[in-house]
Amino acid sequence: MDLLARHFANLLCAEKKLTFKDKEGAEFSFSGTKLPRRRKLILSALKAKKCLEKGAVGYLVSVVDLTKEAPRMEDIDVVRDYPDVFLEELPGLPPDRATEFVIDLIPGAALVSKAPYRMAPTELKELKVQLQELLDKGYIRPSISPWGAPVLFVKKKDASVRLCIDYRELNKLTIKNRYPLPRIDDLFDQLQGAKVFSKIDLRSGYHQLKIKEGDIPKTAFRTRYGHYEFLVMSFGLTNAPATFIELMNRVFHDMLDTSVIVFIDDILVYSKDKETHVKNLNAALQRLRKEKLYAKFFKCEF
């Protein structure tokens, strides 16, 4: 800044021009190149799809105003009538459902039992905490199963860690569930003409589905602090996504591709106008209430 002041510099940002003067008053200038203003390019969904098919890379971006106050449930029409759907914590073990998580093994499969992985002292401390949380919620119980998978921690985006069970060996022995996962482009096709949307994110979706009683011992895992098994569906099991999609399709079967699309534990309610959307959102939330499925309010958008 001192250099600019000494030489009486004059900067015209709009013209991309910087002018200096010497002591005798002589001037000399530097000018940047003026580029033509770019025309905004808007592609139709069909053209964008063709570009993607030809190998173009697409980015889906959403803009969020962080200065706005977080919405409150009581301020949102329809949603305020369903506080029992948006609980802060799951109320315990899920009810019995028509869909259960099963682990069918290939013929002749031998059981898997591996020693626990080594952990740092800080990880062991966190392990104690997370095991106790799972026990308190009733998601796991002490086990005497001959099966046993090791555990490890995985970092989340917020720098906290999630306890994960290394089910890779069990997954190799599991018969794969061929229930079809929805194609993203097919889901987008259903949204043509829709103008009003609501996104519902289920709270710990996998933990809202029980494991078949006879398959619970196969989920056993070993830790420094004991041997446990899951009563609810756990992350890392090979057929978990397909089973959850099956559950969601059962729940919303008559609403799919007319007012609702689902992808694992994410639900999108869509409509052509606000009046219809009130009815569609009501119907979706009533279905969640009836099936005792719970959502995470702060991750939903209405």
request  = Working carefully through the options Glu229, Glu246, Glu275, find the one that is among the charged types (D, E, K, R), at pLDDT 95 or above and either in a helix (DSSP H, G or I) or in the same structural domain as Pro182 (by TED's automatic domain parsing) (or both).
outcome  = Glu229
ask   = Given the residues Leu131, Leu90, which is the only one that is within 30 Å of Phe197 (Cα to Cα) and hydrophobic (A, V, I, L, M, F, W, C)?
value = Leu90
Contacts under 8 angstrom Cβ, first residue in the range 171-185 being in contact (Cβ under 8 Å) with a residue 12 or more places away in the chain and farther than 21 Å from Arg250 by Cβ, partner assigned to a helix (DSSP H, G or I) and polar (S, T, N, Q), 6 or more apart = none
task = State whether the residues of the range 113-136 include one that is under 26 Å from Glu213 (Cβ atoms), crowded, with 17+ Cβ neighbours inside 10 Å and among the hydroxyl-bearing types (Ser, Thr, Tyr).
result = no
task = Taking Leu124 as the residue in question, decide whether it is more than 26 Å from Val262 (Cα to Cα), part of a strand (DSSP E or B) and at pLDDT below 95.
result = no
task = Please find, within the range 249-269, the residue that is nearest to Leu187 (Cα to Cα) out of those that are under 19 Å from the mean Cα position of the chain (by Cα) and surrounded by 20 or more Cβ atoms within 10 Å (Cβ to Cβ).
result = Ile261
task = Give the residues of the range 70-88 that are touching a residue at least 40 places away in the same chain (Cβ under 8 Å) and either assigned to a loop (DSSP other than H, G, I, E, B) or loosely packed, with under 10 Cβ neighbours inside 10 Å (or both), sorted by residue number.
result = Ala70, Pro71, Ile76, Asp77, Val78, Tyr82, Asp84, Val85, Phe86, Leu87
request  = Kindly check whether there is at least one residue in the range 147-155 that is of a type outside the set (A, V, I, L, M, F, W, C) and touching a helix residue (DSSP H, G or I) at 6+ places or on another chain (Cβ under 8 Å).
outcome  = no
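Yes/no matrix, rows are residues, columns are (1) within 30 Å of Tyr225 (Cα to Cα); (2) assigned to a loop (DSSP other than H, G, I, E, B); (3) within 24 Å of the chain's Cα centre (by Cα):
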| residue | (1), (2), (3) |
| --- | --- |
| Leu52 | no, no, yes |
| Lys68 | no, yes, yes |
| Pro95 | yes, yes, yes |
| Thr99 | no, yes, yes |
| Leu111 | yes, yes, no |
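The values are calculated or read from the model by the stated rules, or taken from the named source; none is laboratory data. Source: prediction; values computed, not measured. Cβ: placed from backbone, ideal geometry, glycine included. Neighbour counts: every protein chain shown.
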